[in-house]
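Novice: One structure, as structure tokens, below. Some questions next.
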Amino acid sequence: MHSNSDASSKTKMSMMSYDANGINDTGSKSDLSRGLQLWVDIVDPSPEDLAKIQKEYNLNNDAINLIKQKTKRPQVRMLDNHIFTIVLDIQYKTLQQVLIDGIYLFTGKNWLITIHSSDIDLTGPIKHLLEKKNKKLIESDINALYYTIVSEIIGKYEYLLTSIELTVTDFEQKSLYKKSSKAMLNYLDMVTRQIILLRRHFWYTRDILNFLTHVQQEEDNNNKNNKEIRYLQIAYEDINQLIELIESYQDTINSTRDLYLANVSLQLNDTMRILTIFSVILLPLTLIAGIYGMNGLDLTKIEDIPLGFIIVMITMIIVIILLLVFFKHKRWILVKEEVAENIK
């Protein structure tokens with residue numbers, strides 16, 4: 001691959017041309033006139049580089065502005081002489097750090113331009129794919145390479161979801177064996193937000209593939225030898241499976257949340273049980289201390305019970321009886337299970 005870099009800029013440009021006879025690592029635009037397919041990969045372009053490539057390939061101005069703004073919403077646009085596509089490279093670092101970068105693709109007649117940041121490596125995997133794994137790819141037109149790149153990007157999403165799945169599983173273990181805390185609940189909410197965000201990106205990507213599939217089907221109707229649609233179909237099936245997988249994660253998170261709340265409730269019940277035990281122990285002692293601490297009751301002359309003490313005891317007994325009757329009426333205590341009648 002031919003690479004150009006400017007000392008005053010971080011821009012790196014690689015150009016590769018190919019046909020059924022092989023791959024030329026030092027491609028150039030002049031190869032198009034000889035019927036070759038051309039792939040131009042641009043890394044971290046400056047505004048001047050974007051303006052130059054826009055003029056050279058007659059790229060759409062609105063699309064170039066989206067690149068300058070670093071738009072990160074997957075989309076596809078059918079333009080006059082090319083197709084403009086945005087797909088996302090999503091890398092999982094930590095739950096708080098999910099890196100999302102846009103990959104911008106321009107597809108014209110026999111040429112493909114990819115623009116992305118230096119954090120993304122496209123040339124290595126795709127070149128290996130062209131040379132080793134799928135030689136039929138170099139025998140197809142540029143759309144096959146375009147669809148393959150999109151498919152490879154989508155394929156990396158599976159590793160992302162695996163990381164999230166491990167995170168959710170780890171949280172399940174923590175909710176079972178560690179003391180619940182507000183931080184754990186916030187952690188779970190963060191996972192939920194990340195999944196919602198990823199699911200939205202996956203939906204957008206599926207819309208792109210659905211649109212491209214219909215466009216390619218129309219071309220196939222005009223050209224019976226076109227078989228590039230199979231690359232799209234593979235990518236479309238992959239993104240559908242990923243969407244189903246991430247939706248199942250949502251159900252898993254909801255179950256984990258229920259498990260967490262049940263664990264919190266269990267801890268609360270344990271706390272209340274301990275407090276109740278202490279209350280049951282202390283209440284009789286408090287009652288005895290209260291009775292024998294009454295003014296006028298002389299424990300050295302217990303045979304001479306004051307009239308006031310008798311009145312207090314009778315009043316306490318009446319209150320107890322009234323409360324028991326009230327609780328029984330409310331069916332809070334002494335409730336017998338009613339046997340349903342007329343059930344056959």
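The values are calculated or read from the model by the stated rules, or taken from the named source; none is laboratory data. Bear in mind the structure is a predicted one, so any value in this text is a computation, not a measurement. Quick reminder, even Gly has a Cβ in these numbers, built from the backbone with ideal geometry, and neighbours come from all protein chains shown.
Novice: State the number of residues belonging to segment 53-105 that are in contact with a Leu (Cβ under 6 Å, 6 or more places away or on another chain) and hydrophobic (A, V, I, L, M, F, W, C).
Specialist: Of the residues in that region, 3 qualify.
Novice: Only one of these is modelled with pLDDT under 85 and assigned by TED's automatic domain parsing to the domain that holds Q75: H128, H116. Name it. Before you say what the answer is, go through the steps one by one.
Specialist: Values: H116 fails: modelled with pLDDT under 85.
Answer to the check: H128.
Novice: Oh, and also: Looking for something surrounded by 11 or more Cβ atoms within 10 Å (Cβ to Cβ) and among the basic types (K, R) - is there at least one such residue anywhere in segment 53-63?
Specialist: Scanning segment 53-63, I find no residue that is surrounded by 11 or more Cβ atoms within 10 Å (Cβ to Cβ) and among the basic types (K, R), so the answer is no.
Novice: Could you tell me which residue of segment 110-123 is nearest to the chain's Cα centre (by Cα), considering only residues that are closer than 17 Å to G22 by Cα and surrounded by fewer than 19 Cβ atoms within 10 Å (Cβ to Cβ)?
Specialist: Result: T123.
Novice: If you scan segment 234-258, which residues turn out to be free of Cβ contacts under 8 Å to residues at least 40 places away in the same chain and either touching a Pro at 6+ places or on another chain (Cβ under 8 Å) or surrounded by fewer than 16 Cβ atoms within 10 Å (Cβ to Cβ) (or both)?
Specialist: If the condition is that a residue be free of Cβ contacts under 8 Å to residues at least 40 places away in the same chain and either touching a Pro at 6+ places or on another chain (Cβ under 8 Å) or surrounded by fewer than 16 Cβ atoms within 10 Å (Cβ to Cβ) (or both), then E237, N240, Q241, E244, S248, D251, N254, S255, D258 are the ones that fit.
Novice: I'd like the full set of residues that are outside any helix (DSSP H, G or I) and more than 19 Å from I208 (Cβ to Cβ), limited to segment 121-161.
Specialist: Hits for segment 121-161 are D121, N134, S140, D141.
Novice: Which residue, of L285, L261, is surrounded by 11 or more Cβ atoms within 10 Å (Cβ to Cβ) and part of a helix (DSSP H, G or I)?
Specialist: Every option except L261 fails the conditions.
Novice: Go through the residues of segment 29-46 one by one and say whether even a single one is hydrophobic (A, V, I, L, M, F, W, C), in a helix (DSSP H, G or I), modelled with pLDDT of 85 or more and assigned by TED's automatic domain parsing to the domain that holds L105.
Specialist: yes
Novice: Quick one: which of Y92, Y104 is under 24 Å from the mean Cα position of the chain (by Cα) and over 30 Å from D170 (Cα atoms)?
Specialist: Details: Y92 fails: over 30 Å from D170 (Cα atoms).
Unique residue meeting the criteria: Y104.
Novice: Residues in segment 76-109 that are surrounded by fewer than 19 Cβ atoms within 10 Å (Cβ to Cβ), within 15 Å of I153 (Cα to Cα) and of a type in the set (V, I, T): how many?
Specialist: 1
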